[in-house]
Amino acid sequence: MDRLGCNTADMIHIVDACYKKGIAIRFLENGLSTEGTMGKMVIQIFAAVAERILERTNNGRVAAMATGVRFGRKPHPTTSSAQALIKQELSFKAVQKKTGISRATYFRLKRN
């Protein structure tokens, strides 16, 4: 349901546009539907709650970044040694034998 619109207003606009065309939206995972006035009201409430959760999540992410928390996958332990070997212009086979990196990783590191 949170993928239907960017925010509550957007979702309400989409649901309303569908409603005017005689289309009812039914969410299979949780059994909600936009049929009737109660259905529209429930969808709007859930959209507002989802927007609030998203807002709080984003605020938490910004606060964590301000304190120096890093997001994403941690670099592989052999990445730095592979980069050093690549800078020495060793072949893929030589670097792979020493570090165990994949062919795709070798060429990605070589590009950078």
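Each reported figure results from applying straightforward, stated rules to the coordinates on display, with no laboratory input. Everything quoted here is computed from the prediction, not taken from an experiment. Every residue, glycine as well, gets a Cβ built from its backbone with ideal geometry; the counts of neighbours run over all protein chains shown.
So how many Lys-Lys pairs in the chain land under 20 Å Cα to Cα, not counting same-chain pairs under 8 apart?
Step by step, the pairs that qualify in the chain add up to 9.
So what's the back-of-envelope 222 nm ellipticity for the chain, counting only DSSP H runs of four-plus at -39500 (n - 2.57) apiece and dividing by all residues, rounded to 500?
-20000 deg cm²/dmol
Rounded to whole Hz and in sequence order, give me ³J(HN,Hα) for the stretch 102-110 from the Karplus expression 6.51 cos²θ - 1.76 cosθ + 1.60, θ = phi - 60°, writing x for Gly and Pro.
Karplus values, whole Hz, x for Gly and Pro: 7, 4, 4, 5, 4, 6, 5, 5, 5.
Using amide H atoms built 1.01 Å from N in the peptide plane, name the residues 5+ places from LEU32, or on other chains, whose amide H lies under 5 Å from its own.
Amide H neighbours of LEU32: PHE27.
Return the sequence-ordered ³J(HN,Hα) values of the stretch 36-44 in whole Hz as given by the Karplus equation 6.51 cos²θ - 1.76 cosθ + 1.60 applied to θ = phi - 60°, using x for Gly and Pro.
Here the 3J(HN,Hα) series is x, 6, 5, x, 5, 5, 4, 4, 5 Hz.
Would you mind classifying the stretch 8-66 by shape? Square roots of the alpha carbon gyration tensor eigenvalues, ordered a ≥ b ≥ c; an a/c under 1.5 is rounded, otherwise it is prolate if a/b is larger than b/c and oblate if not.
Cα axes put the stretch 8-66 in the prolate bin.
Let me know the volume per residue of the alpha-carbon convex hull for the chain, in Å³.
Taking only Cα atoms, the chain has a hull volume of 182 Å³ per residue.
Within the stretch 8-79, report the chymotrypsin sites (Phe, Trp or Tyr not before Pro) that DSSP leaves as loop and that have at most 12 other Cβ atoms within 10 Å.
Passing sites in the stretch 8-79 are PHE71.
What ³J(HN,Hα) values, in whole Hz, does the Karplus curve 6.51 cos²θ - 1.76 cosθ + 1.60 give for the stretch 24-30 when θ = phi - 60°, with x put for Gly and Pro?
9, 9, 10, 8, 5, 5, 10
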